[in-house]
């Protein structure tokens, strides 16, 4: 255990921007400006041709919407794999992109997986992402480096809780997307209701570019509203496309939805708008060009339809990816020049320019750490020496590969806009690499704070493998944290949910042979203050020789809004004169932040607090940095209780779906757990209820829900915010903390 504490005390390098500090990768500019820049930029003809035949896409959705099944069909139809295997297949093989044994057992995606393929003349890099909210970081870092995405929605479930989260992530990184309404063969499939939800809940200017031919068990093809043709899939696995004229009985419906498509485009496109006002019918080519222009500029979202499981509509979707989503050089990518005070610099996407890459994902491979890179500018070659901008270290690229799930193919060079991986590079997720010709660094990704913790202890004495596992998981996953509690001396792991931590505990057992015992889940409470109070504190210590002296005065106040740089605790220096020498101010600031790490009420971090230093006093001999650091800590702790501190708890946005007959029982269960019902909607024979529930009251919810709905109820939840607990809960938490502290002191 001593060895473990030593290892955990060594900070794992993180280049991740904290949750509230994360910046978008695009700072300014528009598609028009970018197009003008492309037209005036001299590209090598072969390089420009390569970029125009390249797409980087992510496939994202709510859990069980069919992302991995869709990716499996894409790989089959593009000739990347020879056989189709299902996510929960009976052949015990599993989908290609679910390479981890746990993924195949549970039928869910845990880690995002990268692959590449070719459709017609276009190369496509694909990242299949998890749908479960506990693994949201995998979606986050995939979208950070991709140029576009396919948002998959279930034709029955529609826009669900994680769909909204994924949509928010896409908007954070300005990701152009196309929507794919999947599972059109399911009973209750209603694509027109889903289109309305996309417009209302996601607030997207969206319209269908396809209509289904039939629905549910009769679904057998789609009508393209741009080309005005009907597409049918034939063959055992839908590998053959038959193109026909539109069915006569659909003529009126097709005309109606083509008019809606033109109207949606007219709202955002000048060319179509002028034709619409003049009551002229745009040509198919004009509609095609308008969809592409406005999809790339984030003004429009085309909606496709199909059933991946029943091999219908996937090839037209691939055509949509190629036709409507941007090439790498059509996306505005910007970096920060660290030599010029982090000035914003536009990246060119030219392979001949100085190299700029971003390490967005780390993974433990068979040959050491596998680092996934996105090349934004320049060319990365095997044998090249590259520089880590954060650390300044130069490393040699000994092996360069393209990933196909868990398989890899060695390559000699990778051009701009490509995604690749390399071995033997020690770095953190979010590090930027250059060839040394520039000091450009990419902004990193948004990382949410963990919301749940467990105590963890190995059953055996195999601490070496236990330590290795914890070190690896922290390095790979920024949302997985680990520390040793200073009072209980327990190892505490933190993550995004019960499933998140359960998966890591299971991986320790399978991959490292270490069985662990977990303790009661701990919720990530926070403490804050509700009123301001002044302080005038003197720290002095005299025990022979030079002593310690430092006096600080000022006030502590609540912080209503998060600062511009995203900090929830803020230090302000308002001193005038030299009562406190300037060299001691950083020590006072450090003392304040140290005091905020542990509140007096229940020992959890303090948030939304400002420490304002106005004056103080120093001694010529006895004042030092440590004296003023301790003075700041003492002043804060002494004043904290006068500021009416309260406890904040994480509130979860919970979405519950179950048979409508159990509506009363589900609402009663949520009320019992202090939930606030926000919305409910009956869909056919099912009801979906949206509620806000404290995370501390959500433990065991899954078991209770299944019990009252005869196993038919499902739920998902995601973190919303921290909110004050009730006074009775606060008293209970404080009493429990004091008892635990007293017991720890007795030991």
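Per-structure values
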{"item": "Sorted by Cβ neighbour density within 10 Å, fewest at the top, the residues 476, 515", "result": "515, 476"}
{"item": "Helix 31-40 axis, angle to the chain major axis (alpha carbon atoms, nearest 10°)", "result": "80"}
{"item": "Calculated Rg and Dmax of region 54-326 using C-alpha coordinates, Å", "result": "17.7, 60"}
{"item": "Neighbour-count ranking [beta-carbon atoms within 10 angstrom, fewest first] of 68, 703, 165", "result": "703, 165, 68"}
{"item": "Cα long-axis angle, helix 625-640 against the chain (0 to 90 degrees, to the nearest 10)", "result": "80"}
{"item": "Residues 741, 242, sorted so that the one with the fewest Cβ neighbours within 10 Å comes first", "result": "242, 741"}
{"item": "Segment residue 53-residue 283, extension gain: residue separation times 0.36 nm, minus the distance between their alpha carbons", "result": "80.3 nm"}
{"item": "Antiparallel DSSP beta bridges within the chain, percent to nearest 5", "result": "80"}
{"item": "From the coordinates shown, Rg and Dmax of the Cα atoms in Å corresponds to which of (1) 27.1, 92; (2) 32.8, 102; (3) 28.3, 101", "result": "(3)"}
{"item": "0 to 90° range, to nearest 10: angle between helix 585-595 axis and the chain longest Cα axis", "result": "80"}
{"item": "Computed helical MRE - 222 nm, the chain, DSSP H runs ≥ 4 contributing -39500 (n - 2.57), nearest 500", "result": "-9000 deg cm²/dmol"}
{"item": "Length-normalised contact order of the chain in % [C-alpha pairs under 8 Å, at least 6 apart]", "result": "11"}
{"item": "Residues of region 594-616 with amide N under 18 Å of a point placed 7 Å along Cα→Cβ from residue 582", "result": "613-616"}
{"item": "Euclidean distance of C-alpha centroids, region 230-307 and region 598-669, integer Å", "result": "53"}
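Bear in mind these aren't lab numbers, they're just calculated from the coordinates by the rules spelled out. Predicted, not measured: the structure shown is a model, and the values here were computed from it. So basically every Cβ, Gly included, is an ideal-geometry build from the backbone, and we count neighbours across all protein chains shown.
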